[in-house]
Amino acid sequence: MPMTEQSNSSKTKSIWVDEDTASFLRLRVKTFYNSDYFERIMLPLMNIPQHGHVLDVGCGYGGLAIVLAELRPDLHITGLDIETAALESAAQYARQKGLANVTFEQGDAHRLKYEDNRFDAVVCQTVLTHVGDAEAVVREMARVLKPNGNFMAAEYTSVGPISVYNSVQDKKRDDAWYEKVFRLTRLLLKGKQALGRGDDYLGVRVPLLATVAGLDVFDVRLNDRVLHVIPPYRHPKQAAYLELLKALYEPDPDRKGLAQNIELMRAAGGTEEDAEWLYNSGDAAAVRQAIADDNLTEISAYVLYLTFARKPGKYGS
Ligand SMILES: C[S@@+](CC[C@H](N)C(=O)[O-])C[C@H]1O[C@@H](n2cnc3c(N)ncnc32)[C@H](O)[C@@H]1O
């Protein structure tokens, strides 16, 4: 994956539609939440009525929709995404899992094709950071939500290497390195904004967008997982984390990630060298070697802000 996830829109070529991305996103979603947190904290906060209708906006390969469909077989879940290829892959994955309570539809989150007050719950996960106009998308999500229905958005605010301990990378990092990464990452984010492809700092502002859209924000939390791999990786959870790291650091022979970063960097006034430096700053080859040698320690957070909000009822109930 590139240093920064990049949005697609009808105007730009999508980066989401290939099977590597599909399997990466499916692995990643498994490591956002511990299952006890999702089941015992998040599901009750979503408070979806029995047999309720749920919309997962920007469902991609079905990450969140499929977790919900498995845990709540009574629900009717619709996953919506702009990319038909992602939707086909999601539908196939749901069929493999024998899930009959989830369907997938194509559409643009900026103009949801559903009537007002249609769904009992409307959710999204790592989507608002990638759309051209997050405020409009949240407004649309609020519009199609029933009064007293619940909204949940799980969105990141990029905190970069500050939230990561990695045994290979840490040896090489000094203050100058952190300063440069921070400056260049900011440029990349500005490039993404300049090209209308979203905002990697958006997560922390979702509660404000929900409030502006007329929703009543009743809780804001963080996801709970901390990725940890410590040799000899004795515990089953660590095997799942290791799989994710292997996918994250896998070779990028066509340097697709670099091409994307150059485009973003240039849009913010940076140079190709800046993009190249940042692209190489993760020491991917050395990390891959450490994984192959069963010798990598990493402890890292991928911070998602979880916004829970309710659409006020007819009489503000
Ligand atoms: C990082 S992926 C997240 C996928 C999924 N929610 C998950 O958690 O795995 C972002 C998704 O947003 C979708 N997307 C971006 N812009 C969109 C838009 N305007 N309307 C609908 N979906 C959009 C992309 O196609 C992509 O599948």
Scan L80, L87 and give me the residue that is within 18 Å of the chain's Cα centre (by Cα), within 15 Å of the ligand (Cβ to nearest atom) and farther than 16 Å from A22 by Cβ. L80
Taking the range 267-298 as the region of interest, how many residues are open to solvent by 70 Å² or more (accessible area, probe 1.4 Å) and not small (G, A, S)? 9
Taking E243, is it open to solvent by 70 Å² or more (accessible area, probe 1.4 Å) and farther than 23 Å from D36 by Cα? no
Of all residues in the range 98-111, which are within 9 Å of the ligand (Cβ to nearest atom) and in contact with a strand residue (DSSP E or B) (Cβ under 8 Å, 6 or more places away or on another chain)? Q106, G107, A109
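To keep it simple, each residue is scored yes or no on (1) more than 29 Å from D293 (Cα to Cα); (2) within 16 Å of the ligand (Cβ to nearest atom); (3) over 22 Å from the mean Cα position of the chain (by Cα).
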site: I162; (1), (2), (3): no, no, no
site: Y165; (1), (2), (3): no, no, no
site: L187; (1), (2), (3): yes, no, no
site: G203; (1), (2), (3): yes, yes, no
site: H228; (1), (2), (3): no, no, no
site: Q238; (1), (2), (3): no, no, no
Quick check on this structure: which one of K192, K172, K180, K146 is under 30 Å from A109 (Cβ atoms) and not assigned by TED's automatic domain parsing to the domain that holds N47? K192
Specify which of the listed residues (R118, R143, R95) is within 16 Å of the ligand (Cβ to nearest atom), more than 20 Å from the chain's Cα centre (by Cα), over 30 Å from V226 (Cβ atoms) and not hydroxyl-bearing (S, T, Y). R143
The listed residue being modelled with pLDDT of 95 or more, over 30 Å from R139 (Cβ atoms) and more than 19 Å from the chain's Cα centre (by Cα), out of T211, T297: T297
Report whether or not R111 is in contact (Cβ under 8 Å) with a residue 24 or more places away in the chain and in contact with a Lys or Arg (Cβ under 8 Å, 6 or more places away or on another chain). no
Select the helices (runs of 4 or more DSSP H) contained entirely in the range 161-229, then report the ones holding at least 3 residues which are exposed (fewer than 15 other Cβ atoms within 10 Å of the Cβ). 175-194, 206-212
Every residue from the range 30-65 that is within 9 Å of the ligand (Cβ to nearest atom) and farther than 22 Å from N117 by Cα: F32, G60, Y61, G62, G63
Taking the range 112-154 and keeping residues under 17 Å from T307 (Cβ atoms), in a loop (DSSP other than H, G, I, E, B) and among the acidic types (D, E) leaves none
Is the range 262-272 home to any residue that is modelled with pLDDT of 90 or more, closer than 30 Å to M152 by Cβ and among the hydroxyl-bearing types (S, T, Y)? no
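The values are calculated or read from the model by the stated rules, or taken from the named source; none is laboratory data. Bear in mind that the values here come from a model prediction, so they are computed numbers and not experimental data. Counting neighbours? That spans all protein chains shown, and the Cβs are built from the backbone with ideal geometry, glycine included. The area values use the complete protein model at the heavy-atom level, side chains included, leaving out ligands, DNA and RNA. Shrake-Rupley method; radii C 1.70, N 1.55, O 1.52, S 1.80 Å.
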